[in-house]
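The values are calculated or read from the model by the stated rules, or taken from the named source; none is laboratory data. Keep in mind it's a predicted model, so treat the numbers as computed, not measured. Neighbour counts are summed over all protein chains in view; Cβ atoms, including those assigned to glycine, are modelled from backbone coordinates with ideal geometry.
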Amino acid sequence: MSALFENYDVGGLHLRNRVVMAPMTRSRAPNDIPNEMGALYYRQRASAGLIISEGTPISREGQGYLFNPGIFGPDQIRGWQKATQAVHARGGTFFAQIWHVGRVSHTSIQIAGKAPVGPSEAQGGKAFGYDAQGRPNMLSASKPRALATAEVKRIVDDFRQGAINARNAGFDGVEIHAANGYLFEQFLNPGVNDRHDVYGGSRENRCRLVMEVIDECVAALGAHRVGIRLSPHGTLFDMPEYDDNGETYLYLAREIEKRGLAYIHLHDQGGQGMAPLPMDYLRTFRQTYGGNLLLAGNLEKESAERMITDGLIDLPVFGRMYTSNPDLVERMYNGWPLAEYDPDTFYGGDARGYVDFPTYPEDQARKAREAMIADNQA
Ligand SMILES: Cc1cc2nc3c(=O)[nH]c(=O)nc-3n(C[C@H](O)[C@H](O)[C@H](O)COP(=O)(O)O)c2cc1C
């Protein structure tokens with residue numbers, strides 16, 4: 001049998017296969033509260049070995065997109081409970097991706113129209129907020145305000161609370177979103193972080209915020225319930241390349257291994273039109289980090305199997321294919337064809353393109369029904 005469909009153990013959590021559903025923002029939660037439709041969406045995909053939720057902000061300040069279900073209020077915790085119960089009812093495992101966008105936000109969605117926050121005043125990225133006419137729109141992120149040193153501690157506390165809220169919402173663990181140009185990458189990157197306090201300058205200082213958040217989440221949930229997403233050499237949302245990039249992430253890998261986290265999840269941004277993660281670097285990262293390694297970005301069944309067999313990764317992560325194939329595991333297992341995804345319905349809107357993609361057997365049954373009706377009419 002293909003390694004993809006083997007059981008796998010992550011920190012004592014039993015995954016029934018190695019197929020992981022990627023975190024994907026779908027922007028369909030009115031008032032930023034997870035609803036029944038969201039629960040159905042995750043339930044439909046629960047045959048995955050592990051589902052990682054869409055990014056869920058740990059505070060209003062940490063939000064960069066409208067209709068994005070958060071994890072900072074009681075209604076949100078109750079809303080997420082519907083989704084976690086739905087996934088668990090089908091025997092799935094479910095981590096929450098906890099998130100602060102940092103500078104990638106817009107005044108129109110911040111409390112009292114305040115500026116977003118970041119390590120510095122360097123501006124970059126695109127947010128989903130309200131335009132001048134009050135319509136939801138993709139907009140250039142607003143100019144951020146540089147966080148004072150004491151405020152950074154408050155963000156660390158927000159993450160600790162977010163992790164506790166995620167546990168109370170029924171999630172099996174959390175994934176700290178430290179990829180894709182958001183808050184943590186802004187601190188890691190000396191092209192954006194020009195601070196002179198303990199959070200800027202040396203490699204250790206630039207990594208301090210993410211390490212403090214890891215330690216707080218580990219203290220709250222236990223290391224085996226905490227994973228992290230990283231995108232070495234990532235340039236999404238205007239992140240400039242820098243000489244120390246590779247070494248910065250290897251330093252993080254060593255520190256994370258010491259703490260025994262559930263996993264590191266690498267995101268190769270090649271699938272999103274950016275420069276791909278160099279294979280040599282992936283090899284070096286694998287040799288440096290002895291824990292569970294997940295990889296996302298343009299993977300297909302064959303490439304995922306090959307990378308597992310070659311010992312490069314432990315768990316492959318699938319994103320866009322999961323939007324249109326709720327039964328991706330069954331389709332790959334049986335060799336059934338995959339349904340094409342529809343980028344127009346990725347973000348925002350209603351049930352269309354969200355919970356109306358059928359499983360392969362449902363699709364076959366519908367086609368058979370339609371053929372029968374057509375025959376009867378002929
Ligand atoms: C609609 C959409 C929303 C996404 N939202 C998130 C997100 O909330 N958090 C995150 O870390 N990555 C996000 N991503 C990136 C995916 O997790 C994944 O890494 C990417 O799609 C590459 O995998 P693929 O080539 O299998 O699609 C998103 C991608 C898509 C297409």
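Checking the conditions here, which among Val226, Val198 is buried (at least 17 other Cβ atoms within 10 Å of the Cβ) and either β-branched (Val, Ile, Thr) or at pLDDT below 95 (or both)?
Details: Val198 fails: buried (at least 17 other Cβ atoms within 10 Å of the Cβ).
It is Val226.
For the range 303-328, give me the residue count where each residue is in a helix (DSSP H, G or I) and either within 14 Å of the ligand (Cβ to nearest atom) or touching a Gly at 6+ places or on another chain (Cβ under 7 Å) (or both). Even if it seems obvious, please write down each step before you answer.
Applying the first criterion (in a helix (DSSP H, G or I)) to the range 303-328 yields 303-309, 320-324, 328.
In the following step, the residues that additionally are either within 14 Å of the ligand (Cβ to nearest atom) or touching a Gly at 6+ places or on another chain (Cβ under 7 Å) (or both) were identified as 303-304, 307, 320-324, 328.
Total meeting the criteria: 9.
Can you find even one residue in the range 319-328 that is touching a helix residue (DSSP H, G or I) at 6+ places or on another chain (Cβ under 8 Å), among the aliphatic types (A, V, I, L, M) and surrounded by 16 or more Cβ atoms within 10 Å (Cβ to Cβ)?
Yes: one or more hits.
Could you list, in sequence order, all residues of the range 165-209 that are part of a loop (DSSP other than H, G, I, E, B), out of contact with any His (no Cβ under 6 Å at 6 or more places or on another chain) and within 16 Å of the ligand (Cβ to nearest atom)?
Just the residues of the range 165-209 that are part of a loop (DSSP other than H, G, I, E, B), to begin with: 169-172, 179-182, 189-202.
Now restrict to residues that are out of contact with any His (no Cβ under 6 Å at 6 or more places or on another chain): 169-172, 180-182, 189-202.
Those that are part of a loop (DSSP other than H, G, I, E, B), out of contact with any His (no Cβ under 6 Å at 6 or more places or on another chain) and within 16 Å of the ligand (Cβ to nearest atom): Phe171, Asn180, Gly181, Tyr182.
What pairs come out if I take residues in the range 358-377 that are of a type outside the set (S, T, N, Q) and pair them with residues that are surrounded by 12 or more Cβ atoms within 10 Å (Cβ to Cβ) whose C-beta lies under 7 Å away, six or more apart or interchain?
These pairs meet every condition: Tyr360/Asp327; Tyr360/Glu330; Tyr360/Arg331; Tyr360/Trp336; Arg366/Pro358.
Among the residues of the range 62-86, write down those that are surrounded by fewer than 24 Cβ atoms within 10 Å (Cβ to Cβ), among the aliphatic types (A, V, I, L, M) and within 15 Å of Ile52 (Cα to Cα).
Selection gives Ala86 alone.
What number of residues in the range 329-340 are within 15 Å of the ligand (Cβ to nearest atom), not in a helix (DSSP H, G or I) and not small (Gly, Ala, Ser)?
So in the range 329-340, the residues within 15 Å of the ligand (Cβ to nearest atom) come out as 329, 331-332, 338-340.
Then keep just the ones that are not in a helix (DSSP H, G or I); that gives 338-340.
Imposing the further condition that a residue be not small (Gly, Ala, Ser) reduces the set to 338, 340.
Here the count works out to 2.
Does the range 271-283 include one or more residues that are away from the ligand (no atom under 14 Å from the Cβ) and of a type in the set (Phe, Trp, Tyr)?
yes
Here is a check on your reading of the model: is Val156 away from the ligand (no atom under 14 Å from the Cβ), assigned to a loop (DSSP other than H, G, I, E, B) and aliphatic (A, V, I, L, M)?
Numbers: away from the ligand (no atom under 14 Å from the Cβ): yes; assigned to a loop (DSSP other than H, G, I, E, B): no; aliphatic (A, V, I, L, M): yes.
No: the conditions fail for Val156.
Identify all residues within the range 273-302 that are assigned to a helix (DSSP H, G or I) and farther than 22 Å from Gly227 by Cβ; write none if there are none. Please lay out each step first, then the result.
Restricting attention to the range 273-302, the residues satisfying the condition of being assigned to a helix (DSSP H, G or I) are 279-288, 301-302.
Selection gives Met279, Asp280, Lys301, Glu302.
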